[in-house]
Each structure stands twice: as C-alpha cells, then as structure tokens.
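K.L.:
Starting off with a structure, shown below.
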There are 2 protein chains.
Amino acid sequence: MPNKRLINWTIIIRVLSFLLIVEAFFMLTGLPFAWFYNEPLFPLMISSLVTGTIGLLILLKIGKNYSKNIGKREGYLIVALTWVVISFFGTLPFLLSGAITHFADAFFETMSGLTTTGASILNDIESVPKNILYWRSMTHWIGGMGIIVLTVAILPFLGIGGMQLMVAEMPGIQPDKLHPRITATAKRFWGIYVLFTIAEILLLWAGEMDFFDSVNHSFATMATGGFSTRNASIAAFGPYSQYVIILFMIFAGTNFTLHYYALHSQFNKLRENQEFRVYLTIIALVTVYVTVSLVFFMNTGAEKAFRDALFTTVSILTTTGFVTTDYILWPYFIWIFIFALMFIGGSAGSTGGGVKIVRHLLLVKNSWLEMKRAIHQQAIIPVKYNHKSVSKEIIFNVMAFFLIYVLIIALGVVVLAITGLDFETSIGATIATLGNIGPGIGGVGPVENYAFFSPFAKWFLSFLMLLGRLELFTVLIVMSPAFWRR
Amino acid sequence: MPNKRLINWTIIIRVLSFLLIVEAFFMLTGLPFAWFYNEPLFPLMISSLVTGTIGLLILLKIGKNYSKNIGKREGYLIVALTWVVISFFGTLPFLLSGAITHFADAFFETMSGLTTTGASILNDIESVPKNILYWRSMTHWIGGMGIIVLTVAILPFLGIGGMQLMVAEMPGIQPDKLHPRITATAKRFWGIYVLFTIAEILLLWAGEMDFFDSVNHSFATMATGGFSTRNASIAAFGPYSQYVIILFMIFAGTNFTLHYYALHSQFNKLRENQEFRVYLTIIALVTVYVTVSLVFFMNTGAEKAFRDALFTTVSILTTTGFVTTDYILWPYFIWIFIFALMFIGGSAGSTGGGVKIVRHLLLVKNSWLEMKRAIHQQAIIPVKYNHKSVSKEIIFNVMAFFLIYVLIIALGVVVLAITGLDFETSIGATIATLGNIGPGIGGVGPVENYAFFSPFAKWFLSFLMLLGRLELFTVLIVMSPAFWRR
C-alpha cells in the first residue's frame, strides 16, 4: 500500500467545484436586471454557463469515489483557495461585458468585492451596465456569506488569532471540533444576514432609491463592502437613505451572535458584551468629536455635521467604506481620528474586517495588566473578557496576530513606496486593502479610486485584501514551507 | 508599631541626592573650556554650586539613620525620577548663560541630552558659548553612562521587556537578583565606554577637528546622542571625520557585552551573536540599496553616495541622529528605508535607543513559528536565540513591550495632530523622540529642529523621550494606580 498522501486534494477540488456551481447560480440572479434595463444577457449567461459547467464536470469526474478525510491542511487550503478561485471566475461578467478590459483590473475588482473591501478601479461607475453593477454588489454579498461560515465554522476550528473567543459565547459551538451543530449555527446566521438585507432593501426602497439601488446598496452594506452604484457613493442620496444605511452598517459591524440573542429577546447578552459596548462607545466618541470640530472649525450646519460625522465614523470603523463626504479635506486633527479607526476594524463575528475590536480590547487590557504583573510578580493576573478569564494561549495568539498585522503594514508601505507612490498613499492603500475598508488616505482618499495603480500594485493589493479578509494566518500558513512538509 | 510604609522614600531621595553631587562634578569639567575660550565662568560654577549644595544638604540631613531596604517599587522610582531630577538641574547652565530663555525649552534640551536623543530647540547652535555646548554634549555622555548601568543592573532585575536576554550572555550576572558582581560588570562597561570615547577623541583630533569639537562629538557619538557643535551637524566636516564617526556609531550601537568579549579576544561570541549579525546585515543591505539608488536616481558620485548612505543608515539605526545630508530630499522610495530604520533601534545592551534589534528578531522568529505551531498544534516549538530556547514568558514580555510601543506611537501622533501639526511631522516627531533618535521626517527632518513646537508639545515630547529611554515600563508602571496600592 502506498504512503498516505500529505494533502487530500480530491476533497479540496470537490468543495471548490461545488462552490463554482453556487457562484454560477448567483450570476444568474442578475439576469432579471439585464432584461429589465434592456441590457445584453450574454455576459452573465455565458459567465454562469462556463463557471457552472466547469464545476459540474469536475464534480462528475470525481464521483463518489474519494476520501472524505478533511484535516487542518485541507481546511486551510479550502479557505485560501476559495476566495482566489471564486474571484478568478467572478471576473468573467466584467470582462465579457467589456466593463473592465484588463484582467488585473477585473481580478482586483472581484477580489475587492468578495473580500468585502469595496476598493474600485472603475473611473465611471454609472457608465457600467446595471446587471454588471449588480454582479459587482453580489460579489460583496457572497463574500459576506463566506465570512460568516468562515468565522463560525472554520476559524475557531483552526484556532486562529483568538477567534475561539467569539464562538465561546454561542450555544452549540465547541471551538475544538467541527461539530454538526456548527452547520446549524451558520445557517441561523445566514438567516439573520438575509433578514437584515431584505429589511434594508425595503427601507431604502421606501425612500428615494429605486429597487435596483436599494438591492445593490443593501448587499454592500450588510457585507460591509462599500461598492455603490453611483460615482458620488452615498453622497448621491438624501439624509433618509443615509441614516438607514448608517443603521444597517452598525448592524453589519456587530457580532452576529448578538443579533441572534436580540432576536430571542436576551438583551442582557448585548449589555454584558464588552466588545459591543466598546464598539458603540468608539462610534459615540468619534462622532461627537468630529461633529463638534466640523461645526466650530468648518462652519458646517449641525445636522449635516452630525450626519457626516456619524456616517464616516461608522463606515470606516465597520470597514464598509461608503462615502458621503471627502474626509481628507477636513483639517488633519479631524481626519486623523478617521484614520485611526482604520486600524481598529469591526466586531469579531460580524462581516466587518480589520484587526477587530475584541483583539484591541484584549491587547489594551493585557498591556494594562502587564504593569500590575511587573509589581506583583508572584501573582497570576489573567485578562478577563465578559467576566471570564482568557487563557494566556489566546492572548499570545492575539498578540502574534497583531504583530504580524503591523509587520505586513510596514512591508506593504515599503513595497508600494518602491513602486513610486508617496507616503500617505502607500500607507492609505495598504491599510485600506489589508483592513478591507476601501477608501484610505492620500491618493486613495474617499473620492479617489485605485485605477491609477500599476498592474503589479493591483495584484499586490489584491493579495493584501485576501490576507486581511482571511485573518492573515490562513493565507500565510499555506505559504509557509512547513505546511508542505510532513 | 506603625505599618511599614509602602515605599521607602528616604533611600530614593538619598540616591537622587548623591546623583546631584555627581552631576555638579560633571558641570565643573566644563570650566576649562569656558576659561580657554574667554567665556563667563559663572553659569557652570553657579549651576554646579546650586546642584551640589542641594544634593549635599539633603545627604547630610538624612545622615546614616535610614532603612537600606530597596525593593522593586524603589527601583522603579529611582530610575524614573533620576532622569527627571537630573534634567531639572541640568537646565541651569542653559538658563543662567542665557543660551536658552524659556524653561520648557531648556528642559526639552536637557532631557533630549540625558536620554541621548539629540533633538534640539536651538536655532543657531554656533552662537551658543562653547562651555554651554560642552555641557550640552556632556548631558549625552552622562545619559549614556546612566543607560549602561540601567541595562546591566536594573532592567534585568526588574524583568522588563525581555532585557534578561541581553545579560544572560554576560558572565557573573544573574537576572533574578541584584548581585554584587553586577557593580563590577557596570564598571567594566563604563571602562569600555570611556576607552572608546578617548579613542574617538584622539582619532577625530588627529583629523581636521579641534580638541573642543573632538570631545563634543565623541561624547555625542558614544552615547548615540546626536548633538553637534555645528549648525550643519557632521556635514560641516570632511570624509575622514565622517568615517571615524561612522565607526564609533557602529561601536556605540553594539551590545557592550560583545566589546567585552572582543577585548578578551573571544571573537566567536561576536560571530555567534544573532543580534549582532542582524545589526550588521541591516546596515549592509540598507547602505547598498541607498548607495545604488543615489548613484542611479540622484546622479551622486559613488564615494559620496556610499558615505551618505552608510552614515545616514548607521546614524538612524543606532538612534544617534547625526546628519551629513538631508535625507528627506531623497525620493520617497529611498527615505522610506531610513524611516523604517527608525522603528528598529540599536542593539540591546548598547547606548542605542528604540525598540532594539533583538526584540524585532524574537518577534519575527516567533511570528514565523506561529505558522508551524498552527499546523503542528501538539508540538511545543520554542523560539531559539543564540542556540538557546527562549521562554514563552520572555516572548510574552517582548510582545507586550512592542504593542505598548505601537500604542504610544498612535497616541503620540493623535496628540500632536490635535496641537495642529501635520501628518508627517506628527509621526516624525513621535518616533524620533520615543526612539531617542533626534531627527525624524516632515517638519522635524534632518536639517530642521524642534524650536517651533508649542510649549505643550515640548513637554509632551520630553515625556516621550523619557518613556522611550527607560524602556516604557519603568515610567508607565510608576504612573499606574496599582503601583501606589499595597
């Protein structure tokens, strides 16, 4: 009998093929819009046909004769490859419709969609066919679904960067193994995700937006994506739409476990959750600071100042990246706070990206306790989160995550600098893509886009989006030589 | 019998008083220069008299009737207060001579000297009396001596940020207690420090520099300080002086343990020391990159390009801060590497500041191993440094140190932004003071100074210099409420 292979490729390819069929199905959902707006049907149809057929053929070829054995290595590979393969086929509608002509651009745009980043290379969004814009928003929504299953089912199982903590709160999930109940939890969260999306579509549609815009913006909101159908992003709409979007951005950046409890009227779980309280506190504090600053230093009207402040704060903190105002035109002592939010990120267990609030919370708590520990060196002083002691192992994981995050930012800035970009643009683009935000500072400010980057920089930034979205380790581990050795 | 007091203040005040007498003595050493250059003798004489008398009176008042009990709390307080008190009295020569008129300025300059930072508020250095410039350089040299005793004797004893590692290599030092042999080691290191200083004075004097300039620049070099006697810094001198200073900056940024071994011909210790190898590798790589870039993109002559590249690399990496060229006039893709060096710092156990190379080395090694650990979760995979396993406790300490360092940079940038400074200047000033470098980027670039900052910003930056020089924890712990509770 031959040696057991290190990696069970068959099961990986089978999962990816199955996901291609799912992607093909989602492509078809754009056809009604193409038909309604009298646009050519072939781009989505052919894309769907190609994607679905390839998926189906591989599935049939594999048949039922394969090992169902999924270990850690297979888990990592499935996660890392899924976003790449789905992005690859997701470029087809852009390329076939002629909306995007270069492959690097199309891949950047699709990866940006599926990682819920929302960074765009499109100079004139409104000239793109509606059904292609729909597909663009749909990549966000698919990405959001992917993130939910990733967070609930896969990251805790792989033990990455303290994500065990997030699910420790959820009944029926044990972080140490892939429990059948996890599927149930993922489905429950998808239910919440769909519910919020429908609610937002209806509320937006009830205002000034037409059905098409309502659907697109709801997809982008709930995934904390940030693609809009308008060149002016959300500045193209009035206060009502903006407030609705603010509300749902806040929902999207909240741990879905809390939505589950809220739906079951267990509101004490929300009150007790420290990450949720810090999340709301940050939003409140930055909004107040920015509002007051805008009123006093920029002579903005009170309501407009409050709305811009709240919208921008929530949009950046949740890593959505929708825009109602050009914040880098604000004085530096205002936008530095918006810039600081880019390093924080959404809540764990939400669709938001970035470092995540819970990690910062644990790091600050631990730094604080380090002082205590230095004085009382005999005492064991654990970090507490939601009234429970957090193991030193998890703190270690979280610290390692953050350090690698900082290291990647530093490397990202240096790489972009070498391609000839200036300081602010290098930092802005690195943090905005790695944190899955979209707009940054400098040349990638809120009213700019990523069209002017070199193809190399676009591939590099696509890679940063992938790294950030998959919590760094999933991608880095697959790239390490140790992974490929027994 | 009354409760034993939490803190033995008498011993703390006694140590500080003793150090004031030492400071008074060092002030007197500037009198020959005042006499030689026909400058008023009273500033240094009165400063010395006031400082020494106060120290002496307190010592006499305390007498021999005090508890000799020094615990951790007393250790922290002595360290944190020493730099503040010595800085306070160190302002006297500046103020009495009229060279500096505002107290905030004088304190900034003295703290900058004693923390071996080298950031200056003087607009015209050459108009300052020679004996006051000597005192300014002397604050560097005193600071350097302080750092040596801090590193050898106090930090390992307090167990701060992995500094145990540095002394683990040194015979006769046990990090867990204040051993009498530690005094011997400190004296040995001071001997090396004095030896290098004398050697540099002689070598510089043998060139174009006069005795006064040779002494001043040698003090500033060996302390990795950066104060010069010339407005143009080291650009005022020729290639010979520059190469001599480069050599001694490299010595000053090296772990003094290695000098000790080199003097005892144990060169294998140098070869085997991983921090030393990384230190030389960074210098070599950045120098080559900058040299080649300057030759190709700036049409600089080969020797000049190499000399500027090597000088700037060594000066910033060792946190000296001497300047031969205005590096922020270089294209951004060149100076970003100089900027990156600001986050690295010198070797542990040297007079260099910043994060220190060994910490980065451990963090990078640990991040790399995190990948391995994620795949082989049963295996215990320790970080190795110089062929020995490093305890998880030390890695934890180092991570906490680095995270707090990053946090302080973030807070520093935000605070400076609120005072109205631009992005690059905020980052530049924060990292250049916290890292004890001196010159940064933006408004505090290599040919600028810190005169234009508001008094608040000057006090704040003085605080950052203190924080950075005392390895963060020493100062932060004293500021934490837990420190003052039983």
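The values are calculated or read from the model by the stated rules, or taken from the named source; none is laboratory data. Just so it is clear, the structure is predicted and the values come from calculations on it, not from any experiment. Neighbour counts are summed over all protein chains in view; Cβ atoms, including those assigned to glycine, are modelled from backbone coordinates with ideal geometry. With ligands, DNA and RNA removed, areas are computed over all heavy atoms of the protein, side chains included. Shrake-Rupley method; radii C 1.70, N 1.55, O 1.52, S 1.80 Å.
K.L.:
May I ask you to derive the relative contact order of chain B, considering only C-alpha pairs under 8 Å and at least 6 residues apart, and to give it as an integer percent?
P.N.:
So the answer I get is 17 percent.
K.L.:
Here's a follow-up. Hey, any idea what Rg/Rh is for the range B:4-228, computing Rh the Kirkwood way over Cα pairs?
P.N.:
0.99
K.L.:
Right, next: Which chymotrypsin sites (Phe, Trp or Tyr not before Pro) from the range A:114-152 combine a DSSP loop assignment with at most 12 other Cβ atoms within 10 Å?
P.N.:
Of the chymotrypsin sites (Phe, Trp or Tyr not before Pro), not one in the loops of the range A:114-152 has a Cβ with at most 12 other Cβ atoms within 10 Å.
K.L.:
Work from the charge dipole of the protein assembly as shown (Cβ charges, +1 for Lys and Arg, -1 for Asp and Glu, about the Cα centre) and give the residue of B:Thr254, A:Thr185, A:Leu467 farthest towards its positive end.
P.N.:
A:Thr185
K.L.:
Here's another thing I want to ask about it. Could you state the orientation-averaged shadow area of the convex hull built on the Cα atoms of the range B:282-426, in nm² to one decimal?
P.N.:
11.4
K.L.:
Follow-up. Whole-Hz Karplus ³J(HN,Hα) for the range A:35-51, in order, using 6.51 cos²θ - 1.76 cosθ + 1.60 and θ = phi - 60°, x for Gly and Pro?
P.N.:
Computed from phi, the couplings for the range A:35-51 are 5, 5, 9, 6, 9, x, 8, 5, x, 5, 5, 5, 4, 5, 4, 4, 4 Hz.
K.L.:
To continue, here is another question. Which whole-number percentage describes the relative contact order of the range A:4-228, with Cα contacts under 8 Å and a sequence gap of 6 or more?
P.N.:
19
K.L.:
Could you put B:Met209, B:Met145 in order of accessible surface area, largest first, with the 1.4 Å probe and the full protein assembly present?
P.N.:
Details: B:Met209 5, B:Met145 30 Å².
Solvent-accessible surface, decreasing: B:Met145, B:Met209.
K.L.:
Right, here's the next one. Once you put a point 7 Å from the Cα of B:Tyr243 and another 7 Å from the Cα of B:Ser389, both along the Cβ direction, what distance in nm separates them?
P.N.:
Between B:Tyr243 and B:Ser389, the simple spin-label model gives 4.8 nm.
K.L.:
Oh, and also: Quick one: pull the percent of accessible area on the protein assembly as shown belonging to carbon and sulfur, 1.4 Å probe, ligands and nucleic acids left out.
P.N.:
68
K.L.:
How big is the dipole moment of the protein assembly as shown about its Cα centre under a simple scheme where the beta carbon of each Lys and Arg is +1, that of each Asp and Glu is -1, and everything else is neutral? Debye, nearest 20, please.
P.N.:
Charge dipole of the protein assembly as shown: 4480 debye, to the nearest 20.
K.L.:
Sequence neighbours fewer than 8 away in the same chain don't count; with that in mind, list the lysines whose C-alpha is under 18 Å from A:Lys356.
P.N.:
A:Lys365, A:Lys384
K.L.:
Continuing with this model, one more query. From the gyration tensor of the Cα coordinates in the range A:286-332, what semi-axes in whole Å does the equivalent ellipsoid have, largest first, with each one equal to sqrt(5λ)?
P.N.:
17, 11, 9
K.L.:
Which value, in nm² and rounded to one decimal, describes the direction-averaged projected area of the C-alpha convex hull of the protein assembly as shown?
P.N.:
44.3
K.L.:
Please give the residues from the range B:402-443 for which the solvent-accessible area of heavy atoms, probe 1.4 Å, is smaller by at least 20 Å² with all protein chains in place than with the chain isolated.
P.N.:
Residues losing area: B:Phe402, B:Leu403, B:Ile404, B:Val406, B:Leu407, B:Val414, B:Ala417, B:Ile418, B:Phe423, B:Glu424.
K.L.:
Same structure, new question: For a Förster distance of 45 Å, can you work out the FRET efficiency between the beta-carbons of B:Ala236 and A:Val292, rounded to the nearest 0.05?
P.N.:
Details: r = 49 Å, r/R0 = 1.09.
So the FRET efficiency works out to roughly 0.40.
K.L.:
Right, here's the next one. Name the residues whose placed amide hydrogens come within less than 5 Å of the amide hydrogen of B:Ala348, ignoring near sequence neighbours (fewer than 5 apart) on the same chain.
P.N.:
Distant-sequence amide H within range of B:Ala348: B:Ile357, B:Val358.
K.L.:
Run the label-point distances for A:Gly71 please: 7 Å along Cα to Cβ, every other copy, nanometres, shortest first.
P.N.:
5.3
K.L.:
Within the range B:22-123, report the trypsin sites (Lys or Arg not before Pro) that DSSP leaves as loop and that have at most 10 other Cβ atoms within 10 Å.
P.N.:
Passing sites in the range B:22-123 are B:Lys64, B:Lys68.
K.L.:
Using every pair of alpha-carbon atoms in the range B:346-395, split the distances into 10 Å bins beginning at 0 and state the percent of pairs per bin, rounded to integers.
P.N.:
24, 48, 21, 7, 0
K.L.:
Output ³J(HN,Hα) for the range B:442-459: one whole-Hz value per residue in order, computed from phi by the Karplus curve 6.51 cos²θ - 1.76 cosθ + 1.60 with θ = phi - 60°, and x for Gly and Pro.
P.N.:
x, x, 10, x, x, 9, 9, 9, 9, 5, 7, 5, 5, x, 4, 4, 5, 5
K.L.:
Suppose all protein chains stay in the model; what accessible area per residue would a 1.4 Å probe give for chain A, in Å²?
P.N.:
Details: 18310 Å² over 486 residues.
The answer is 38 Å² per residue.
K.L.:
What is the magnitude of the charge dipole of chain B about its Cα centre, with +1 placed on the Cβ of each Lys and Arg, -1 on the Cβ of each Asp and Glu, and no other charges, expressed in debye to the nearest 20?
P.N.:
Numbers: 32 positive and 24 negative charges, 480 e Å.
With Lys and Arg at +1 and Asp and Glu at -1, about 2300 debye.
K.L.:
Taking every eigenvalue of the Cα gyration tensor of the range A:32-112, multiplying by 5 and rooting it, what semi-axes result, largest first, whole Å? Please report the intermediate quantities before stating the final value.
P.N.:
Values: eigenvalues 180, 61, 18 Å².
The answer is 30, 17, 9 Å, longest axis first.
K.L.:
Considering amide H positions built from the backbone, and no H for Pro or chain starts, which residues 5 or more places from A:Val383, or on another chain, come under 5 Å of its amide H?
P.N.:
For A:Val383, the qualifying residues are A:Val390.
K.L.:
Now for a different question. Using +1 on the beta carbon of Lys and Arg, -1 on that of Asp and Glu, and nothing else charged, what's the dipole of the range B:381-473 about the Cα centre, debye to 20? Don't jump to the answer; show the numbers that get you there.
P.N.:
Numbers: 5 positive and 5 negative charges, 82 e Å.
Once rounded to the nearest 20, the dipole reads 400 debye.
K.L.:
Which residue, chosen from B:Trp9, B:Asn216, B:Pro93, occupies the Cα position most advanced towards the positive end of the dipole of the range B:4-228, where the dipole is computed from +1 (Lys, Arg) and -1 (Asp, Glu) charges on Cβ about the Cα centre?
P.N.:
B:Trp9
K.L.:
Can you list the equivalent-ellipsoid semi-axes of the range B:237-281, largest first and in whole Å, using the square root of 5 times each Cα gyration tensor eigenvalue?
P.N.:
Over the Cα atoms of the range B:237-281, the ellipsoid semi-axes are 23, 12, 8 Å.
K.L.:
For chain A, what class follows from the C-alpha gyration tensor (a ≥ b ≥ c being the square roots of its eigenvalues): rounded when a/c is under 1.5, otherwise prolate if a/b is larger than b/c, else oblate?
P.N.:
Here chain A falls in the rounded category.
K.L.:
Another question, if that's okay. May I ask for the accessible area buried between chains A and B, both sides summed, probe 1.4 Å, to the nearest 100 Å²?
P.N.:
What A and B bury together is about 4500 Å².
K.L.:
So what does A:Ser389 come to for accessible area, using a 1.4 Å probe and Å² rounded to 10?
P.N.:
Rounded to the nearest 10, the figure is 70 Å².
K.L.:
Also, quick follow-up: Inside 10 Å of the C-beta atoms of B:362-368, what's the mean count of C-beta atoms belonging to other chains?
P.N.:
The per-residue average across the peptide is 4.
K.L.:
If you average 1/r over every pair of different alpha-carbon atoms in the range A:282-360 and take one over that average, what Kirkwood value in Å do you get?
P.N.:
Its Kirkwood hydrodynamic radius stands at 12.6 Å.
K.L.:
Between A and B, which A residue has the Cβ nearest their rotation axis, distance in Å?
P.N.:
A:Met399, 2
K.L.:
A follow-up question, please. Using only the C-alpha atoms of the range B:381-473, find the volume of their convex hull and express it per residue in Å³.
P.N.:
On the way: hull volume 10.2 nm³, N = 93.
Per-residue hull volume (Cα only) is 110 Å³.
K.L.:
Heavy atoms only, 1.4 Å probe, whole protein assembly: order B:Ile328, B:Ile62 by accessible area, highest first.
P.N.:
B:Ile328, B:Ile62
K.L.:
Let me know the number of lysine pairs in the range A:4-228 closer than 26 Å at the Cα, not counting same-chain pairs under 8 apart.
P.N.:
14
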